[in-house]
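Values quoted throughout were computed directly from the atomic coordinates according to the rules given, and no laboratory measurement underlies them. Because the structure is predicted, anything quoted here is derived from the model rather than measured. Glycine gets a Cβ as well: all are built from the backbone with ideal geometry, and neighbour counts include every protein chain shown.
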Amino acid sequence: MTILRYEPWALFNRVQRQLDRTLGDSDASGTVSWIPSVDVREEADRFVVTADVPGVEAKNIEITAEKGVLTIRGERQARKQESADSYERVERASGSFLRRFTLPESADAEAIKATHVNGVLELAIPKRPQEQARRIEIQAA
């Protein structure tokens, strides 16, 4: 089984962000401002989720696993810099982010481990041991 991306409100959030930008409300609370890039791979004994979150401190990231859904949420603080006489162009997004993934049945959500090094968040999700099918003997009546 594979890990699937779970974002039921993605279209709504995109429309909300566009409306916020159009109306000049760049600090709308409760909306997702950016979406980090994520790689997901399956290994023999675990699943690995790697997310690029440059500029986000570990204390600003929250990871939860509940009812088969892995949620990564956090916030990148905007850099405050005031300069009255120079040109500035800002392309890096700041604000909150949210990613959700459906965990396969073989994932052990209780044993997930997370590391955060140089702006890369890595989640190791171990697999539960697979139950082997057992043969049932038929007894004569």
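Values computed for the structure shown
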| read-out | value |
| --- | --- |
| In region 39-141, lysine pairs with alpha-carbon atoms under 26 angstrom apart (chain gap of 8 or more, or interchain) | 6 |
| Sparsely packed chymotrypsin sites (Phe, Trp or Tyr not before Pro) within region 64-129, loop by DSSP, other Cβ within 10 Å at most 16 | TYR87 |
| Sparsely packed GluC sites (Glu not before Pro) within region 77-124, loop by DSSP, other Cβ within 10 Å at most 16 | GLU82, GLU88, GLU91, GLU105 |
| Debye intensity ratio in log₁₀ form over the Cα atoms of region 84-141, taken at each q of 0.14, 0.19, 0.30 Å⁻¹ | -0.72, -0.94, -1.27 |
